[in-house]
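To keep things clear, I will list the structure first and then write my remarks on it.
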Amino acid sequence: MGPAFATWATLALSCALPSSAWAEALPEALAKAYQTNPQLNAERARQRATDENVPQALAGYRPQIVASLSAGLQSVRNLLPDNTIQTANLKPWIIGVTVTQTLFNGFRTANSVRAAELQVQSGREALRNVGQGVLLDAVTAYTNVLANQSLVEAQRSNVAFLRETLSVTQRRLNAGDVTPTDTAQAEARLNRGLADLNAAEVALAVSQATYAQVIGNAPSQLRPAEAVDRYLPKSREDAVTMAIRQHPAVMAASFDVDVASTNIRIAEGTLLPSASIQGSASKSRNNDPTLGTIAEDQASIVANVTAPIYDGGQAAAQTRQAKEITAQSRLVLDQVRNQARTAVVSAWVANEGAKVTVSASESEVKAATVALQGVQREASGGQRTTVDVLNSQADLIQAKARLIGAQRDRVIASYTLLSAIGHLDVKTLNLNTPDYLPEVHYHQVRDAWHGLRTPSGQ
């Protein structure tokens, strides 16, 4: 028999011998993806931009100050009553400053601040959901590389076995023990094995490229990956309850409903009176000799109260529109909850099924190995043909491939279930990387009255 088959875990362990300083475990790969993944970093930048909606809304509470300056040249030609003409080239100028403070605007500023804060909360949940997706992509990329490495090794073992079988068959042909048909069958199976090996190597190269895209570096020697059943709830009902209450997509949709409800009050605020106070000061100069004064200084403070009477129906339409959007948001929330429930049930069933598949595949590999050994012994005694040996080897290699796939699916299924309940994050997995805290940037910019640079210095 050819080289013994190494299961996925054994092969992965051999790739992580202590002598290798470059061995990378799954938690390390997840930490790298969490730090460097472009999709996740882009979502963080989007959230930082969303944070700026709050100081923009708070600006409605603050005074607005405008300075003005005008100056120019003015040519004057005056015809006097005695028919004489007077001309002059004037250089008038005026400088002033105006301060406007809103006192009341139908609670629109307060509601705008509330809506902006809710948008920040919704955005944080959306960021958390993207983080879950990136971590799950990283798990998938990692386990795909492991599985494809094992498949390549299995196919190489298969090719070595088929080469040895062909060599033995040719020697038996020379001795007259078998016919040329046996040799042709062995050669055909060898060529099929070479094609399968090539396909496995191609799949490995593709999975390695995907790994580099998601995690940020090419895979080195990967350690075995384990399922995360210890973080999962004990029953499917508990998992469903956690998902519809804690999944970031559900929580984001819930905040979106609150945003839409607040927008109704903002639209209704345009129908209420507004009050503001405005102070201004100005200085002007004019050297026109025909005027009684050549300089004027002014200062004023004025209170303004306005009440809308009719705007053509615009405010009413905006209010009705906001109400319909709120109804839509509530329906979307129901839809997201249903999707979360379905995702949990699907992930739970897949995870339980993966456990059964791994157990069955392990038994299949053991039985196929024993069967191949028996067929080889019987073939040596003339009770089996070469094609029987080749068929038994094909059964074994197929069983190995199914076991490798089952072990990969087992790990992915457990992480998928963890993501479905909304707990696939740095804290739950206890990854060795600082957790990104979006509230840090929020508090840095919330009460900023000025400044063009971002907290990061951009």
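The values are calculated or read from the model by the stated rules, or taken from the named source; none is laboratory data. Predicted model only: the values in this text are computed from it and were never measured. Neighbour counts are summed over all protein chains in view; Cβ atoms, including those assigned to glycine, are modelled from backbone coordinates with ideal geometry. Quick note on the areas: whole protein, heavy atoms, side chains included, nothing else; ligands and nucleic acids left out. Shrake-Rupley method; radii C 1.70, N 1.55, O 1.52, S 1.80 Å.
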Open item on the list: Would you confirm, using the coordinates I've provided, whether Glu125 is in a helix (DSSP H, G or I), farther than 30 Å from Ala67 by Cα and open to solvent by 40 Å² or more (accessible area, probe 1.4 Å)?
Closed with: no
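Matching residues to (1) part of a loop (DSSP other than H, G, I, E, B); (2) open to solvent by 80 Å² or more (accessible area, probe 1.4 Å); (3) of a type in the set (Val, Ile, Thr); (4) at negative phi:
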| position | (1), (2), (3), (4) |
| --- | --- |
| Ile277 | no, no, yes, yes |
| Tyr310 | yes, yes, no, yes |
| Ala317 | no, no, no, yes |
| Gln321 | no, yes, no, yes |
| Leu333 | no, no, no, yes |
| Val345 | no, no, yes, yes |
TODO: Taking Arg377 as the residue in question, decide whether it is more than 22 Å from the chain's Cα centre (by Cα), over 30 Å from Leu26 (Cα atoms) and exposed (fewer than 14 other Cβ atoms within 10 Å of the Cβ).
DONE: yes
Open item on the list: Given the options Val152, Val202, name the one that is without any contact (Cβ under 8 Å) to a residue 40 or more places away in the chain, farther than 30 Å from Asp425 by Cα, assigned to a helix (DSSP H, G or I) and of a type in the set (Val, Ile, Thr).
Closed with: Val202
Task: Qualifying position, being surrounded by fewer than 21 Cβ atoms within 10 Å (Cβ to Cβ), more than 18 Å from the chain's Cα centre (by Cα) and either assigned to a helix (DSSP H, G or I) or at pLDDT 95 or above (or both), among Gln398, Gln383 - done: Gln398
Open item on the list: Which residue is nearest to Thr385 (Cα to Cα), if the candidates are limited to the range 165-192 and must be modelled with pLDDT of 90 or more, open to solvent by 50 Å² or more (accessible area, probe 1.4 Å) and of a type in the set (D, E, K, R)?
Closed with: Glu187
TODO: Can you run down the residue pairs with Cβ atoms below 6 Å, 6 or more apart or on separate chains, where the first is in the range 343-357 and over 12 Å from Arg410 (Cα atoms) and the partner is open to solvent by less than 50 Å² (accessible area, probe 1.4 Å) and among the hydrophobic types (A, V, I, L, M, F, W, C)?
DONE: Ala343/Ala420; Val344/Ala239; Val344/Val240; Val344/Ala243; Val344/Ala420
TODO: Filter the range 249-269 for residues that are open to solvent by 40 Å² or more (accessible area, probe 1.4 Å) and over 15 Å from Ala110 (Cα atoms) and give the result.
DONE: Met251, Ser254, Phe255, Asp256
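Quick one: in the range 101-122, which of the residues that are in a helix (DSSP H, G or I) and among the hydrophobic types (A, V, I, L, M, F, W, C) is farthest from Ala212 (Cα to Cα)?
Keep residues of the range 101-122 that are in a helix (DSSP H, G or I), which gives 108-122.
From the residues that got through so far, the ones that are among the hydrophobic types (A, V, I, L, M, F, W, C) too are 110, 113, 115-116, 118, 120.
Values: Ala110: 47, Val113: 42, Ala115: 40, Ala116: 37, Leu118: 36, Val120: 32 Å.
Selected residue: Ala110.
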TODO: Return yes or no: is Val97 hydrophobic (A, V, I, L, M, F, W, C) and not in a helix (DSSP H, G or I)?
DONE: yes
- [ ] Taking only the range 231-275 into account, find how many residues are under 30 Å from Thr428 (Cα atoms) and outside any helix (DSSP H, G or I).
- [x] 5
Open item on the list: Taking the condition of being within 18 Å of Glu153 (Cβ to Cβ) and touching a Ser or Thr at 6+ places or on another chain (Cβ under 8 Å), how many residues in the range 191-218 meet it?
Closed with: 0
Task: Single match in Gln246, Gln213 (criterion: surrounded by fewer than 20 Cβ atoms within 10 Å (Cβ to Cβ), over 30 Å from Gln314 (Cα atoms) and out of contact with any Gly (no Cβ under 8 Å at 6 or more places or on another chain)) - done: Gln213
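Condition first: β-branched (Val, Ile, Thr) and open to solvent by less than 70 Å² (accessible area, probe 1.4 Å). Can you find one or more residues in the range 220-230 that meet it?
There is at least one residue in the range 220-230 that is β-branched (Val, Ile, Thr) and open to solvent by less than 70 Å² (accessible area, probe 1.4 Å).
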Task: Top-ranked residue of the range 88-97 - restricted to ones that are open to solvent by less than 100 Å² (accessible area, probe 1.4 Å) and either without any contact (Cβ under 8 Å) to a residue 60 or more places away in the chain or under 60 Å from the mean Cα position of the chain (by Cα) (or both), ranked as farthest from Ala299 (Cα to Cα) - done: Trp93
TODO: Show the residue pairs that are 6+ apart or on different chains and have beta-carbon atoms under 8 Å apart, the first residue being within the range 392-418 and of a type in the set (Phe, Trp, Tyr), the second being in a helix (DSSP H, G or I).
DONE: Tyr415/Leu135; Tyr415/Leu136; Tyr415/Val139
TODO: For Lys427, work out the one condition from (1) assigned to a helix (DSSP H, G or I); (2) free of Cβ contacts under 8 Å to residues at least 40 places away in the same chain; (3) under 30 Å from Val159 (Cα atoms); (4) open to solvent by 70 Å² or more (accessible area, probe 1.4 Å) it doesn't fulfil.
DONE: (3)
